[in-house]
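One structure is given here, and the rest of the page talks about it.
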Amino acid sequence: MNKKLLLLALIILSVVAVAGCGSEEKKPVVSKPVSTTASGESHAGKTTGIILKIDEAERTILFTEFENSEKIQYKYDVGCEITNKSGNAITMAQLHPGDLVDINADANGKITAISISNNSDIWENTKVTSFAYLPAEHAMRIGKSKYSCDDGVNVFSGDRIISVSELCYEDQLIVRGYKTKIVSIVVDKGHGYVSLTGDSLFLGGYIDIGNRVVKVIEKDMIVIVREGDYKVEVVNGKYRASKNITVDRDGRTYVDFSDIQPIVNATGNLKIDIDVENAMVYVDGNQVNHKEVLTLNVGKHTVKAIAPGYEERSVRVDVISGYQEVAISLTSSETQSASKTEQETTAEQSTTTGVVSTKNKVTISGPVGANVYFDGAYKGTAPVTFPLVTGEHVVSVLHNKEIKSYTVNLVEGSDDVVYDFTNN
């Protein structure tokens, strides 16, 4: 009986030993491709996500999945298969940060194949210029559509990853999404800044940058504009200038207009005397008050006078840089049935006669600040002194928009001559 029990025990131990060996042989072996993150976690099998960075020198790709913000770094070699969405071969240089791709890796953690994903849940909008990020709603509006989007969305500008809040209305975007959520934004065309220097002549005018940005010019202004080449035009009244510029992404372009010279127009003062009280007077087509002294640019002007019962008359006046008067007489239409409606005349300028004194001077002391003219020639503002010229002359004084003329007879003597017309 003891022998039978011993035999039975030996049989049971043999069965247990065999079963144990069988379990060891059937232990599963990990055979999936592995890529390891910094934390040591393994990633295996096909995965879909976003390219964050490509380092062709080190042959690495930094990657993240849609639902996981953790960054994974894969390696690849020259044998890596790279294809586009249609399955056609492309080069690594044709992949970019922000692309949505499918990745396969081998057991050594290297990518064996990478392709632009053709997942039916993935979508893409290109040349997006009408957009708005809505942080309170965790959304972004593109055109009239609204998509889920949070402030952690991956936004790529050149070789930088930026915040979604850095996007500008002047940018042009490529927006990619997974289902109803935006997962990648690429700044296809970014923005830069334009500043003006030497723009004092154009303040208050407007700037036109390539017919896409038009603004009123203000001191120390900065204009945001999409990157690219533009013609910049600045206009303010008679001042107009243009320059060609290149706006770089995130750069500041200075456009200098200090080479534009101010327009300096010499002016003269003209008093028009008409022998008809209620006549209407026009200078170069614009009605004026002929009872006031007019300030006009030096050069030729057309003065036209019209009055009921009189023939219209036009005269051509050559305005000088001093003061002058022109007299216009109208002819009654009742006494003369025909007359010239256009008569070219040149206002006679007072000519200085006499001898210039070598020892005496003339001083006009008042009214202080008045413009002083001597025979129509501007001498300056009172008090002003100039050489005495013998003979009869006309001194005109323009003060508070009122001008008065005085005839003086000058002779050489032992003393200089001083006039004060303040109370006259």
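Any read-out appearing in this document is the output of simple, stated calculations on the displayed coordinates, not a laboratory observation. Everything numeric in this text was worked out from a predicted model, so none of it was measured.
For segment 128-141, putting each phi into the Karplus relation 6.51 cos²θ - 1.76 cosθ + 1.60 with θ = phi - 60° gives couplings of 7, 10, 9, 8, 7, 7, 10, x, 5, 9, 6, 8, 9, 9 Hz, in residue order, rounded to whole numbers and with x for Gly and Pro.
Among the listed pairs 219/243; 238/379; 46/75; 304/404; 71/146, those whose Cα-Cα separation exceeds 21 Å are 238/379; 304/404; 71/146.
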